[in-house]
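For reference, the structure discussed in these notes is given below.
The values are calculated or read from the model by the stated rules, or taken from the named source; none is laboratory data. Keep in mind that what you see is a predicted model, and the values were worked out from it rather than measured. For neighbour counting, all protein chains shown are included, and Cβ atoms are generated from backbone atoms with ideal geometry for every residue, glycine included. Note: accessible area is taken over every heavy atom of the protein model, side chains too, but ligands, DNA and RNA are not part of it. Shrake-Rupley method; radii C 1.70, N 1.55, O 1.52, S 1.80 Å.
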Amino acid sequence: MRVTIVVPCYNEEKRLDTKAFLDFRFEGHDLEFLFANDGSRDGTLHVIESLRAADPTRFDVFDGGVNRGKAEIVRQGINAAMERGADLVGFWDADLATPLNEIPSFLEIVDARPNIEMVYGARVRLLGRDIQRRVSRHYFGRVGATLISSSLGLAVYDTQCGAKLFRVNDTTRAIFAKPFLSRWIFDVEIIARFIKLRGRDAAVNAIYELPIRTWHDVAGSKVKSRDFIRALADLWKIHRAYRIR
């Protein structure tokens, strides 16, 4: 299957680990990384274009022009990937807080379980897992997850991990067809759109949360504790717009 992972990039010139991308290899799927530039003001575009030049069979670039935020650049990148014929699409945070060697586990799920249409990475502190997250972000995250679960009517643990994979079908195309209302928690809105289109029972059977083995907070994160308040406002907007019961 043809797999395209969108990597949203905004001012990542000094932080993007190009060696990690160049060194990553995975057999069994036609895997491509599509670096989506969200109006970066530094040398990000040059860096990702150099990756494409190094290996155009594995790396490509989508330039979104002006800065519109992560939700919109991911949406645009996913649509570009689907237009190019990808069978599976996803997005992966550029800081590699979730390392690239987690990708095969996501692919194993969709290969083994044809009913699964979305795989959401989940940062679960289990024995034998290496999940390193600032205490404040962890507890804000748990409060947020409780509110999100209540709003969606689903027992979802972690919508905000920056590692996702989607099977390309009519539902996926419809979900990404229009800009998201939310700038901060569009990952929740993806699920809300799925429920609106297919129902909650279908969501229970089609969405899989995968506890990842490794996740590390990375210095320079663009997500701050104060964004929790903005996320709450976005959650209210999602709840009102989609009228999920």
Q.
Show me, for region 53-61, the HN-Hα J-couplings you get by feeding each phi into the Karplus relation (A = 6.51, B = -1.76, C = 1.60, θ = phi - 60°), rounded to Hz, glycine and proline as x.
A. 5, 5, 7, x, 7, 10, 10, 9, 10
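Rounded, prolate or oblate, given the Cα gyration tensor of region 65-131, with a/c below 1.5 counting as rounded? Intermediate results must be reported in sequence, preceding the final value.
Values: a/c = 2.59, a/b = 1.31, b/c = 1.98.
Verdict is oblate for region 65-131.
Starting from the exponent 0.38 and prefactor 2.2 Å, build the expected Rg for region 1-85 from its residue count and divide its actual Cα Rg by it.
Working: Rg = 12.3 Å, N = 85, 2.2 N^0.38 = 11.9 Å.
Here the answer is 1.03, to two decimals.
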Q.
Could you order the peptides 193-202, 97-106 from most to least packed, using the average number of other C-beta atoms within 10 Å per residue?
A. 97-106, 193-202
Q | Rotationally averaged projected area of the chain (alpha carbon convex hull; nm²) | A | 12.5 nm²
Q) Using Cα atoms only, what is the angle between the long axis of helix 103-112 and the major principal axis of the chain, expressed in degrees (0 to 90) to the nearest 10? A) 60 degrees
Q: Hey, can you grab everything whose amide H is under 5 Å from the amide H of Phe62? Only 5+ residues off in sequence or another chain; H modelled, so Pro and N-termini drop out.
A: Phe35, Ala36, Asn37
Q) With each pseudo-label sitting 7 Å past Cα toward Cβ, what's the Asn67-Arg2 distance in nm, one decimal? A) 3.3 nm
(Q) Distance between the C-alpha centers of region 11-65 and region 145-207? Whole Å please. (A) 26 Å
**Q.** In Å², nearest 10: area of Met1 left accessible to a 1.4 Å probe
**A.** 90 Å²
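Send over a whole-number figure in Å² for the accessible area per residue of the chain, probe 1.4 Å. Please report the intermediate quantities before stating the final value.
Values: 11480 Å² over 245 residues.
Solvent-accessible surface per residue comes out at 47 Å².
Between Arg41 and Val143, what length comes free when the chain is fully extended (0.36 nm per residue of separation minus the Cα-Cα distance, one decimal in nm)? Can you show the working numbers first?
Numbers: separation 102, 0.36 × 102 = 36.72 nm, distance 3.41 nm.
Working it through step by step, the gained length comes to 33.3 nm.
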Q: Could you tell me what percent of the accessible area of the chain is made up of carbon and sulfur, with a 1.4 Å probe and every protein chain present?
A: 53 percent
Q: Run the quick spin-label model on Ala219 and Arg173: label points 7 Å from Cα toward the beta carbon, then report their separation in nm to one decimal.
A: 4.6 nm
**Q.** Computed [θ] at 222 nm, helices only, for the chain once each DSSP H run of length n ≥ 4 contributes -39500 (n - 2.57)
**A.** -12500 deg cm²/dmol
**Q.** Exposure of His216 as accessible area (Å², to 10), given a probe of 1.4 Å and all protein chains
**A.** 60 Å²
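Quick one: of the DSSP bridges fully inside the chain, what percent are antiparallel, nearest 5? Each step should come with its number before you reach the end.
On the way: 8 of 33 bridges.
Antiparallel bridges: around 25 percent, rounded to the nearest 5.
Could you order Lys70, Lys178 so the one with the most accessible surface comes first? Probe is 1.4 Å. Display every interim value, and only then the final one.
Working: Lys70 75, Lys178 140 Å².
The residues order as Lys178, Lys70, largest area first.
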Q: Compute the length gained on full extension between Leu181 and Arg125: take 0.36 nm times their separation in residues and subtract their Cα-Cα distance, giving the result in nm to one decimal.
A: 17.1 nm
